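Notes for the one structure printed next.
The values are calculated or read from the model by the stated rules, or taken from the named source; none is laboratory data. Please read all numbers here as calculations on a predicted model, not as lab measurements. Glycine also receives a Cβ, built like all others from the backbone with ideal geometry; neighbour counts cover every protein chain displayed.
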Amino acid sequence: METYDLIIIGGGPAGLTAGIYACRSRLNTLLIEKLTPGGQVLITDWVDNYPGFPEGISGFDLVDRMRRQAERFNLPIVSDEILSLSFDGPNKIIKGYQTSYRSRTVIIASGASHKKLGVQGEELLTGKGVSYCATCDGPFYQGQDIVVVGGGDTAVQEALYLTRFAKKVYLIHRRDQLRAAKILQEKALSHPAIEPVWKAVVEEIFGQGQVEGVKIKKLDGTPGITLTVQGAFVFIGIQPNTEWLKGVVPFNDQGFIKTNDTMATPIPGVFAAGDVRCKLLWQISTAVGDGATAAFAAERYLESL
Amino acid sequence: MAEKNIEQVTDENFQTEILDASIPALVDFWAVWCGPCRAIAPVVEELAVQYEGQLKVGKCNVDENPKTPAQFGIRAIPTLILFKKGAVVEQITGAVSKATLETAIKKAL
């Protein structure tokens, strides 16, 4: 088995950036990605807050450019799903579904996935009206009524996107004001097709084989309501993809990996970058910074051996 | 990119190519505007080569072929459906890993 200098797990913005830096430093590097490089950005309709694109850019195009840039520096990218990380002296053993890999350092950039509501009907109706991806499923809701659940940047941005298709978009949020960036709030709250439902949580999603409506519980003491809708889009935050690392690296209580400001975990030679990491702001711009720092820190670590 | 062993499934040929197929068939319902569909495409291509002769693999563009996805109540893509002798044995929504798909395929073979 070949021993790499660095293996990067995950091909989103953090992993691809780490790959660019590592290859330019001539580290013998491998990036392992479960699907196609891109991560959550692949499902982002439009990115307006990543500098260098004055008109904005589609998530797909942005990450495609990052991949092409990494390939220009000959970053090898393989497709495999990682099942575990273990240690053999100073070497790290990465067990994948297809094969195993060995490396002197590892950058964990396995990202995060959308959270689920955990209410009745959600699991059963996923793909049948319950969705977590507006760009994938929006066009199926032409002229229909839908709910969007959440109040952060993603929820509000995607609610705005969905107005291209849906006739009416109810924005269900547990508080009495949105958390999203002010510029998004202004657009959403002045949009004729978007109706906010404040201090409200979804209690149940129902329907026979397809979503027919949602039951809403009000948190302000007023009676609950039932909305007749054909779709429910859920954007209530992210959870880290770290189940495979339980007991191996320290997490915070939500499962995000704890690092210091050089992206190092307490295990020598193991770094984390991007949405998988415990930090203040999960963005493409911060993932890119994490990736660069982690690759540089890994190189320093290798030099110290 | 070459799509070796992948059948282009349409509303017209769905019955003959998939439902009447002599071996199990996997159909990937997709569209060009869907990021995760592009993410899962290489996995589907790998499976088509790996299970050549045992599994028929097809791709159905939902924009060009609206009838077939409607018939299976598809309102989210990517959706992958595994058929055996004309019946649905597994319906998977979202960009899942190769391991998940292989587990389903091995059960159907």
Next on the checklist: Just to be sure I understand, how many residues within segment A:161-177 are crowded, with 22+ Cβ neighbours inside 10 Å and in contact with a helix residue (DSSP H, G or I) (Cβ under 8 Å, 6 or more places away or on another chain)?
Outcome noted: 5
Checklist entry - Would segment B:89-101 turn up any residue that is at pLDDT 95 or above, closer than 24 Å to A:ASP80 by Cβ and buried (at least 20 other Cβ atoms within 10 Å of the Cβ)? => result no
Next on the checklist: Of everything in segment B:41-81, what is part of a helix (DSSP H, G or I) and under 18 Å from A:SER131 (Cβ atoms)? Give them in sequence order.
Outcome noted: B:PRO69, B:ALA70
Item to check | Test: A:LEU16 is in the same structural domain as A:THR242 (by TED's automatic domain parsing), under 30 Å from A:ILE183 (Cα atoms) and not in a loop (DSSP other than H, G, I, E, B) | outcome: yes
Item to check | Members of segment B:1-40 found to be free of Cβ contacts under 8 Å to residues at least 40 places away in the same chain and in a helix (DSSP H, G or I), listed by number | outcome: B:GLN15, B:THR16, B:GLY35, B:ARG38
Item to check | Flag if B:THR93 is within 21 Å of A:PHE140 (Cα to Cα), among the hydroxyl-bearing types (Ser, Thr, Tyr) and within 14 Å of chain A (Cβ to nearest Cβ) | outcome: yes
Checklist entry - Is it fair to say A:GLY151 is at pLDDT 95 or above and either assigned to a helix (DSSP H, G or I) or exposed (fewer than 14 other Cβ atoms within 10 Å of the Cβ) (or both)? => result no
Next on the checklist: surrounded by fewer than 16 Cβ atoms within 10 Å (Cβ to Cβ), away from chain B (no Cβ under 11 Å), farther than 30 Å from A:TYR301 by Cβ and not hydrophobic (A, V, I, L, M, F, W, C): is that true of A:ASP48 in this structure?
Outcome noted: yes
Checklist entry - Can you find a residue in segment A:198-217 that is part of a loop (DSSP other than H, G, I, E, B), of a type in the set (A, V, I, L, M) and within 24 Å of the chain's Cα centre (by Cα)? => result no
Next on the checklist: Please count how many residues of segment A:102-112 are under 21 Å from the mean Cα position of the chain (by Cα) and away from chain B (no Cβ under 14 Å).
Outcome noted: 5
Item to check | Count of segment A:84-101 residues which are among the polar types (S, T, N, Q) and within 14 Å of chain B (Cβ to nearest Cβ) | outcome: 3
Checklist entry - B:ILE74 is checked against (1) within 14 Å of chain A (Cβ to nearest Cβ); (2) at pLDDT 95 or above and fails just one. What number does that condition carry? => result (2)
Next on the checklist: Return the residues of segment A:51-90 that are basic (Lys, Arg) and either assigned to a strand (DSSP E or B) or more than 19 Å from the chain's Cα centre (by Cα) (or both); say none if nothing qualifies.
Outcome noted: A:ARG68, A:ARG72
Checklist entry - Which residues, counting only those in segment B:43-60, are of a type outside the set (A, V, I, L, M) and in contact (Cβ under 8 Å) with a residue 40 or more places away in the chain? => result B:GLU45, B:GLU46, B:TYR51, B:GLU52, B:GLN54, B:LYS56, B:GLY58, B:LYS59, B:CYS60
Checklist entry - Restricting the search to segment B:65-91, which residues are of a type in the set (A, V, I, L, M, F, W, C) and closer than 19 Å to A:VAL211 by Cβ? => result B:ALA70, B:PHE72, B:ILE74, B:ALA76, B:ILE77
Item to check | segment A:106-130: number of residues that are part of a strand (DSSP E or B) and of a type in the set (A, V, I, L, M) | outcome: 5
